[in-house]
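Heads up, the thing below is written out as structure tokens.
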Amino acid sequence: MQPYALTLDRFIDHAAKWHGAAEVVTAGGPGARIGYAALRDRSRRLSGAFLALGLGLGDNLGILAWNSQAHLECWYGAVGVGIVCHTLNPRLAPAHLAGMIRQAANRVLVVSPDLTALAGTLAAACPTLEHVVVLDEPGAEARGPLPGVLDDGPVRVWGYEDMLTGLGRDTSWGGFDENTPAGLCFTSGTTGAPKGVTYTHRSNYLHTVHQLQADASGLTARDSVLVAVPMFHANGWGFPFSGPAVGAKLVLPGRHQDGPSLAAMINAEGVTVAAGVATVWLGLLDHLDRTGEDTPSLKRIMLGGASVPQALMDRLERRLGVVVQTSWGMTELSPLGTTTPPDAPVRLASRSGRPPIGVGVDLRLTDADGAPLPEQRGREGRLRVRGAAVVERYFGQGEPAVDADGWFDTGDLAIIDADGQVSITGRAKDLIKSGGEWINPVEIEAIVGALPEVAQVAVVGRADAKWGERPVLVIEQRQGGYISDEALLAALRPRIPSWWLPDAIVRVGAMPQAVTGKIDKTRLRADHG
């Protein structure tokens, strides 16, 4: 067989050649749209501009941006010549972002126009930075002048189109090993200090094949895909690669993820498949309920990022007439680990499906010490994974993140049923130890989350002098809804041991969210634990 490097430029080259008119659409203002053929040509010129700025094979390009055409061009313009896309989450604290930029030795930082003030703060704190490139995005304007350090210091500021015109030149892609790094993404830090995960061309290529299988995303050239998951969250779950790989239309929302904007995008662009965390779709549902609008083109929603309440899944399928596919993954898995097929006969939000073949993702359950459970079906254990798109060691760390046999400890607890369906039953660190016995918050959250009056729910531990820890139930009620403490406890009593009943019930106007869109349990523990 011919040697054929599995590099990511293959995807956009394929899209340009065979689906050149299929569009990438960016929302905001009048919006912007471009075909894959034109986007590939611009990306090849952008490669020349990045090389002219002094970047080369293996260098890390910092990208602090929302989902847009220009952001996608930066991805392909970088990876085409072996530059690494280091995506940064603008919702993180500036000190955390600066630490990531310094660790990655970023010399060039690409930013969305509404993030220029943040870019100035970062430039002042990051001596490695030499260039800041401000993207052109529809409906977005620079927020405040760039600080003086950018005007008078060593950092040069470029307008994106000006840089492309002045420095861009058509540049050949590829010619490097498929194991060359392609992406760098830091974990969210919700389970500890953020750690960098380096993706290679090969791992992302195989992950794309994995994601495109019929029992996973199953995208085709006939789909219009709304990527409501930010591209700085674990490669946007891989959709910026899988969309071009099959010639699907990509709809990129920028930072516009409120209910009215999502509904408008779905209907204007005939969106058939949408992907994002659960909190995104709550806003869409509330908007549709208020206005009576519908989204008839939408057929499937892919959910991930955190456990999904059964009530939300039922509401999405009933109100929108869609199929909801739940999934499980993490940054360290590129990120997809398992997903439910679109035609799953049992519609349970607690199920996360099976791992599709393609990247050789293997799962096993162990005890707390890492020993495999003798029976891998029907018993709860600690979930460990290995495969071609699973982290081996974190960025800049010498010690491997896996055991001697290559197994990575996810920190999740799970059960695999007789049919091979994985259910994530909790995070090991979230378990509450009361009187020497364990309470699993996920079981309580699933019961309360199914109540129609409850929008979001979380259970955290509170220190207790006698028992060590006791559970606290935190709820956000649906708009216009109310449920009493007694009604909440009445729903729990028949289904959990009496000593699992929460000692306190707290109502919040809005559930705090971590930067990934998950419920911020660290904040809840600080406020109510």
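The values are calculated or read from the model by the stated rules, or taken from the named source; none is laboratory data. Just so it is clear, the structure is predicted and the values come from calculations on it, not from any experiment. Heads up, the Cβs are rebuilt from the backbone with ideal geometry, glycines too, and the neighbour counts pull from every protein chain shown.
Just so you know, in segment 367-392 the residues that are of a type in the set (D, E, K, R) and surrounded by fewer than 15 Cβ atoms within 10 Å (Cβ to Cβ) include one that is farthest from Gly420 (Cα to Cα), and it is Glu392. Could you check segment 178-222 and list, in sequence order, the residues that are in contact with a His (Cβ under 8 Å, 6 or more places away or on another chain), surrounded by fewer than 21 Cβ atoms within 10 Å (Cβ to Cβ) and farther than 17 Å from Ala248 by Cβ? Matches in segment 178-222: Glu178, Asn179, Thr180, Gly189.
Could you tell me how many of the residues in segment 319-343 are outside any strand (DSSP E or B) and touching an Asp or Glu at 6+ places or on another chain (Cβ under 9 Å)?
Start the filter on segment 319-343 by keeping residues that are outside any strand (DSSP E or B), which leaves 319-322, 330-335, 340-343.
Keeping just the survivors that are touching an Asp or Glu at 6+ places or on another chain (Cβ under 9 Å) gives 319-321, 330, 340-343.
Looking only at that region, the number is 8.
Taking segment 29-74 as the region of interest, how many residues are under 29 Å from Val155 (Cα atoms) and either assigned to a helix (DSSP H, G or I) or under 25 Å from the mean Cα position of the chain (by Cα) (or both)? Working first, answer last.
Just the residues of segment 29-74 that are under 29 Å from Val155 (Cα atoms), to begin with: 39-74.
After this cut, where a residue has to be either assigned to a helix (DSSP H, G or I) or under 25 Å from the mean Cα position of the chain (by Cα) (or both) as well, the list is 39-52, 58-74.
Number of matching residues: 31.
Here the condition is being at pLDDT 95 or above, of a type outside the set (A, V, I, L, M), surrounded by 18 or more Cβ atoms within 10 Å (Cβ to Cβ) and more than 20 Å from the chain's Cα centre (by Cα); of Gly247, Gly321, it holds for Gly247 alone. Restricting the first member to segment 314-336 and to residues that are more than 16 Å from Gly276 (Cα to Cα), and the second to residues that are of a type in the set (Phe, Trp, Tyr) and part of a strand (DSSP E or B), the beta-carbon pairs closer than 8 Å and six or more apart or on different chains are Glu332/Phe408.
Checking the condition modelled with pLDDT of 95 or more, part of a loop (DSSP other than H, G, I, E, B) and closer than 30 Å to Arg300 by Cβ, which residue from Arg347, Arg393, Arg377 passes? Reasoning before the result, please.
Working: Arg347 fails: modelled with pLDDT of 95 or more; Arg393 fails: closer than 30 Å to Arg300 by Cβ.
Result: Arg377 is the single residue among Arg347, Arg393, Arg377 that is modelled with pLDDT of 95 or more, part of a loop (DSSP other than H, G, I, E, B) and closer than 30 Å to Arg300 by Cβ.
The number of residues in segment 84-102 that are touching a strand residue (DSSP E or B) at 6+ places or on another chain (Cβ under 7 Å) and part of a helix (DSSP H, G or I) comes to 2. The set of residues in segment 103-124 being among the small types (Gly, Ala, Ser), in a loop (DSSP other than H, G, I, E, B) and over 21 Å from Ala27 (Cβ atoms) consists of Ala105 alone.
Here is a check on your reading of the model: is Asp417 in the same structural domain as Val506 (by the TED database), more than 20 Å from Gly517 (Cα to Cα) and either surrounded by 21 or more Cβ atoms within 10 Å (Cβ to Cβ) or among the charged types (D, E, K, R) (or both)? Spell out how you get there, then give the answer.
Numbers: in the same structural domain as Val506 (by the TED database): no; more than 20 Å from Gly517 (Cα to Cα): yes; either surrounded by 21 or more Cβ atoms within 10 Å (Cβ to Cβ) or among the charged types (D, E, K, R) (or both): yes.
When the stated conditions are applied, Asp417 does not pass them.
The test for being in the same structural domain as Val273 (by the TED database) and basic (Lys, Arg) holds for Arg318.
If the condition is being in a strand (DSSP E or B) and without any contact (Cβ under 8 Å) to a residue 12 or more places away in the chain, then segment 350-374 contributes only Pro372.
On the given criteria, is Ile475 more than 28 Å from Ser188 (Cβ to Cβ) and in contact (Cβ under 8 Å) with a residue 12 or more places away in the chain? Walk me through it before giving the result.
Values: more than 28 Å from Ser188 (Cβ to Cβ): no; in contact (Cβ under 8 Å) with a residue 12 or more places away in the chain: yes.
Answer is no for this residue.
Just a yes or no: is a residue in segment 255-262 surrounded by 20 or more Cβ atoms within 10 Å (Cβ to Cβ), among the charged types (D, E, K, R) and modelled with pLDDT under 95? The answer is yes, given that some residue of segment 255-262 is surrounded by 20 or more Cβ atoms within 10 Å (Cβ to Cβ), among the charged types (D, E, K, R) and modelled with pLDDT under 95.
Could you grab me the full set of residues in segment 417-427 that are assigned to a strand (DSSP E or B) and either of a type in the set (Asp, Glu) or within 14 Å of Ser327 (Cα to Cα) (or both)? Steps first, answer last, please.
Within segment 417-427, the subset assigned to a strand (DSSP E or B) is 422-427.
Residues satisfying the conditions are Val422, Ser423, Ile424, Thr425.
Residues in segment 110-139 that are more than 14 Å from Gly99 (Cα to Cα) and among the polar types (S, T, N, Q) were compared, and the one that is nearest to the chain's Cα centre (by Cα) is Ser112. For segment 421-432, the count of residues that are surrounded by fewer than 17 Cβ atoms within 10 Å (Cβ to Cβ) and over 25 Å from the mean Cα position of the chain (by Cα) is zero.
Tell me yes or no: at least one residue of segment 88-98 is touching a helix residue (DSSP H, G or I) at 6+ places or on another chain (Cβ under 9 Å), closer than 23 Å to Thr171 by Cβ and either among the charged types (D, E, K, R) or touching a residue at least 40 places away in the same chain (Cβ under 8 Å) (or both). There is no residue in segment 88-98 that is touching a helix residue (DSSP H, G or I) at 6+ places or on another chain (Cβ under 9 Å), closer than 23 Å to Thr171 by Cβ and either among the charged types (D, E, K, R) or touching a residue at least 40 places away in the same chain (Cβ under 8 Å) (or both).
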